[in-house]
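Q: Sharing a structure below in structure tokens format, with a few things to ask.
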Amino acid sequence: MTEPELVLFERLGAVGKLPLLKRASGTMLCELTGGKRIERWRITVDNGAVAVARGNGPADCVLRADRTLFGRMAAGEVNAFAAVLRGAVTIEGNPRLLVLFQRLLPGPRS
């Protein structure tokens, strides 16, 4: 599991509770495209408790991105907000969850 996006999902799934998100709740569905294939991951936050699962389901916010671009976001190479503003990433639903998600991503490398 060396791809940055998979490492990110594994790390988030293993974290359990994040004090940073103790007042946040919601589910973000990440739809990652690669060719004709769409891979779906759900990140659910419930008052700081974080759960990650593969697959589709109800979500408060849907993020759609090319898998390679998302991997660069997961590695801290691309800012999620900038990608949305450029139109490289689309979101539907509650944009507040994108703000929370951005806080979970690593910052740029120095």
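Q: For region 66-110, which residues satisfy the criterion of being out of contact with any helix residue (DSSP H, G or I) (no Cβ under 7 Å at 6 or more places or on another chain) and small (Gly, Ala, Ser)?
A: Gly76, Ala82, Gly87, Gly93, Gly107, Ser110
Q: Just to be sure I understand, how many residues within region 54-110 are in contact with an Asp or Glu (Cβ under 7 Å, 6 or more places away or on another chain) and among the polar types (S, T, N, Q)?
A: Residues that pass the stated criteria total 1.
Q: Let me ask another. When the residues of region 26-48 are narrowed to those that are exposed (fewer than 15 other Cβ atoms within 10 Å of the Cβ) and either more than 14 Å from Leu97 (Cα to Cα) or among the small types (Gly, Ala, Ser) (or both), which ends up modelled with the lowest pLDDT?
A: Gly35
Per-residue answers, yes or no, for (1) in contact (Cβ under 8 Å) with a residue 24 or more places away in the chain; (2) over 20 Å from Asn94 (Cα atoms); (3) of a type in the set (Asp, Glu):
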site	(1), (2), (3)
Val7	yes, yes, no
Arg11	no, yes, no
Ala14	no, yes, no
Arg40	no, no, no
Asp46	no, no, yes
Ala59	yes, no, no
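Q: So, in region 83-102, how many residues would count as being surrounded by 12 or more Cβ atoms within 10 Å (Cβ to Cβ) and either part of a helix (DSSP H, G or I) or among the β-branched types (Val, Ile, Thr) (or both)?
A: Residues that pass the stated criteria total 12.
Q: Does region 76-95 hold any residues that are among the polar types (S, T, N, Q) and within 13 Å of the chain's Cα centre (by Cα), and which are they?
A: Residues satisfying the conditions are Asn79, Thr90.
Q: Let me ask another. Residue by residue through region 45-75, note down the ones that are under 11 Å from the mean Cα position of the chain (by Cα) and more than 14 Å from Leu8 (Cα to Cα).
A: Cys61, Val62, Leu63, Arg64, Ala65
Q: Something else: Filter region 22-40 down to the residues that are touching a helix residue (DSSP H, G or I) at 6+ places or on another chain (Cβ under 6 Å) and not in a strand (DSSP E or B) and list them by number.
A: Of everything in region 22-40, just one residue is touching a helix residue (DSSP H, G or I) at 6+ places or on another chain (Cβ under 6 Å) and not in a strand (DSSP E or B), namely Ala24.
The values are calculated or read from the model by the stated rules, or taken from the named source; none is laboratory data. Quick caveat, the model's predicted, so the values are computed rather than measured. Backbone-built Cβ (ideal geometry, glycine too); neighbour counts: all protein chains shown.
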